[in-house]
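Written out below as structure tokens is the structure these notes cover.
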Amino acid sequence: MKNISVKTIIAVITFVVGVAFVVFWFKLPDQIPIVSNIFTISDETDEYAIYSSVLNEIFAKDNEELLIISDKTSDKSSIKLKRKFTISPEYVFIEEAKYDNRILLDETDSEQKSAKPNISEFFKEHPKAVGIVKLSRIVFNENKTEAEVYVELTYCPLCGFGKGVALEKTNGSWKIKKITEGWVS
């Protein structure tokens with residue numbers, strides 16, 4: 001009989017802890033934003049629709065012919081991007097490990113010159129490219145009707161820009177609400 005009552009007590013405690021966790025999870029999403037954000041970034045269809053909308057708005061209207069896009073997102077919890085963009089300029093991914101900081105090379109520093117590839121070599125390989133585009137991961141609101149992403153372009157050691165983009169899902173498609181200048185150099 002003792003074994004049954006101990007098992008019953010353990011089962012009840014496990015059940016109560018499980019219910020408390022579920023209530024905590026759904027009632028207090030603002031208290032756990034990191035975990036919440038991880039789970040809101042899951043629908044690739046929305047992700048790539050957002051990336052495509054942003055890339056088309058920022059680069060296609062300037063008639064860019066070729067976008068060189070870093071193959072990983074630029075934030076700490078970086079993910080490898082897939083070839084799922086629907087954009088008008090042609091695009092190529094670069095391996096971040098191979099090209100990281102390549103465009104930021106200071107060609108006047110002879111020590112850097114010998115240790116890293118020359119920036120002019122990059123543009124010889126990709127003559128239509130204007131620079132390297134980096135994208136952040138996308139952050140959605142709870143209902144997945146609004147999103148934010150950060151995009152930057154670097155095209156010389158001290159040249160480029162970074163922009164924050166806020167989007168809203170209207171009638172099934174993502175539209176840009178606001179573009180905020182982050183930095184320009």
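Taken together, the values in this text are just the output of simple stated rules run on the coordinates, not laboratory data. If you're wondering where the values come from, they're calculated on a predicted model, not measured in any experiment. Cβ atoms come from the backbone with ideal geometry, glycine included; neighbour counts cover every protein chain shown.
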Added length on full extension, which subtracts the Cα-Cα distance from 0.36 nm per residue, S88 to T170 = 27.4 nm
Among residues other than E146 whose Cβ falls under 10 Å from its Cβ, what is the net charge (Lys/Arg +1, Asp/Glu -1)?
-> 0
Sparse-neighbourhood loop sites, trypsin sites (Lys or Arg not before Pro) in segment 43-80 - DSSP loop, at most 12 other Cβ within 10 angstrom | K76
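Length gain on complete extension for the stretch I10 to S78, per 0.36 nm per residue less the alpha carbon to alpha carbon distance? The partial results should precede the final answer.
Values: separation 68, 0.36 × 68 = 24.48 nm, distance 4.02 nm.
Answer, rounded to one decimal: 20.5 nm.
Count the net charge of all other residues whose Cβ sits under 12 Å from the Cβ of V130, scoring Lys and Arg as +1 and Asp and Glu as -1.
Values: positive: K128; negative: D62, E64, E65.
For residues surrounding V130, the net value is -2.
Taking R0 as 35 Å, what's the FRET efficiency between N141 and S185 from their Cβ-Cβ distance, rounded to 0.05?
Values: r = 31 Å, r/R0 = 0.89.
According to the calculation, E is roughly 0.65.
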